[in-house]
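Engineer: There's a structure below that I have some questions on.
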Amino acid sequence: MRLSKIWAAGAALTIAALALPYGGAAYAADEAAPALQVADVTTTSTSSQVTSMVTIAGVWKADAPQAGSSFTVTLPEALAWPAQAAAGFPLKVNGKPVGTCTENAQALTCTADERITEFATVTDGRFSAWARLQRSARGTTGATIDVAGTAHQVTWGDQDGDGTCDQDCKPAHDEYVSKETAKYGWANGRNADGMYTFEWWVQATGFTSYTIVDETATPSGLVECAPGDEWNPDEEYTLTPTVEGASVKFETKSEAHVCRILFKSVSGEPSQTNVATVNGAQVERTATYRAGGEADADGTSPTPAPTPTPAPAPSDEPQSAQSQTPEPTPTPAPTPAPMPTPETVAVEAPQARLARTGATSDGLIVVGAVLLGATGLGLLILRLLEGPASKEEGEL
């Protein structure tokens with residue numbers, strides 16, 4: 001009989017244990033943070049030539065700011081984020097960083113962290129990011145950009161975002177060749193040491209033999225020459241220059257061809273001016289680092305809890321000094337009849353507040369009901385087993 005009781009108790013506990021995953025864990029899963037809300041998206045394009053800029057802008061908000069809330073801008077293959085996007089830029093509220101926007105392949109994701117929970121609401125957010133047209137876009141007139149799950153069309157050369165081309169209105173094509181001796185430059189991000197990196201095209205035409213001198217930058221790669229009106233890789237040719245210290249020398253096939261060579265430099269400052277000479281003529285350009293985008297918003301702080309009024313501090317002055325006049329002796333009040341002793345009422349102690357694990361009150365009710373049912377079932381089995389045992393003992 002003792003063995004039967006053990007089996008019955010074991011059965012009841014097994015039922016309760018099996019019920020727990022369905023009553024508790026099913027309600028304990030954390031919910032994903034809601035997405036940041038995005039609206040009023042516009043896309044603009046400066047030109048239809050390769051390397052021209054496309055800007056994506058819009059507004060964002062968060063009615064109930066939470067860490068982990070985000071939105072993503074995904075580019076088509078015809079576009080690419082600049083090198084600066086890899087370094088990321090801050091997501092801000094009231095000018096204060098509350099997250100980051102970072103690039104991963106074609107996607108740029110802005111994600112809030114715990115700092116955004118300092119605000120009750122976030123409104124009137126603004127964001128913008130820029131990309132460059134790639135050679136894979138040649139022959140197309142536009143593409144689709146996904147912003148927070150919604151498709152938005154961009155038209156090459158649409159400078160005001162109304163969907164109609166305003167500048168260089170033809171299918172995407174290679175860069176135009178400017179028929180001049182000049183220098184072009186841009187900031188290309190930051191290196192592992194935190195230094196700003198710059199790249200410079202030094203372009204030359206009008207001669208067949210050139211000497212380019214740049215004291216502050218280092219030549220990189222071959223000389224590219226374009227015989228036509230575009231930097232078309234199917235038409236251009238390359239030359240291997242002779243590098244002697246700060247001088248680069250090369251000869252071209254024709255004085256009418258435009259040739260260029262890339263120089264690189266670094267600086268601790270986000271802006272740099274580079275000067276070079278081409279056959280003695282000075283060319284100069286200033287480039288300034290520009291982040292891959294920006295995002296800011298207005299935030300309201302939660303209503304602070306009322307500050308309790310502090311109790312007045314006791315006086316340090318001796319009581320004898322506070323009043324020299326003795327207080328009159330009060331007449332003692334009659335002693336009241338003793339009151340009957342009230343019944344002692346047991347007051348249930350407040351339950352400890354559960355930690356926030358994603359469980360709900362419904363889940364706790366289900367768990368309690370399952371445990372009570374399992375306990376009752378075990379008692380019932382015990383009672384049924386004890387009945388026959390009692391009868392056998394009486395017969396003996």
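Only the coordinates and a few stated rules stand behind these numbers; no lab work does. Keep in mind it's a predicted model, so treat the numbers as computed, not measured. Reconstructed Cβ throughout: ideal geometry from the backbone, glycine too, with neighbour counts over all protein chains shown.
Engineer: Once amide H atoms are placed 1.01 Å from N in the peptide plane, what residues at a sequence separation of 5 or more from E235, or on another chain, have their amide H within under 5 Å of its amide H?
Structural biologist: none
Engineer: What's the magnitude of the charge dipole for the range 182-281 around its Cα centre, counting Lys and Arg as +1 and Asp and Glu as -1 at the beta-carbon? Answer in Debye, nearest 20.
Structural biologist: Numbers: 6 positive and 14 negative charges, 53 e Å.
Here the size comes out at about 260 debye.
Engineer: Then there is this: Which three semi-axes in whole Å describe the equivalent ellipsoid of the range 55-120, each the square root of 5 times a Cα gyration tensor eigenvalue, listed largest first?
Structural biologist: Result for the range 55-120: semi-axes of 24, 12, 10 Å.
Engineer: Separate question: Computed over the Cα atoms of the range 173-298, what is the convex hull's projected area averaged over all directions, in nm²? Walk me through the intermediate numbers first.
Structural biologist: Values: hull surface 39.5 nm².
Approximately 9.9 nm², given one-decimal rounding.
Engineer: How many Å³ per residue does the convex hull of the Cα positions in the range 102-186 occupy?
Structural biologist: On the way: hull volume 15.2 nm³, N = 85.
Given the Cα convex hull of the range 102-186, per-residue volume reads 179 Å³.
Engineer: Counting only residues 5 or more places away or on other chains, whose amide H sits under 5 Å from the amide H of L36 once H atoms are built in the peptide plane?
Structural biologist: Answer set, sorted by chain and number: S70, F71.
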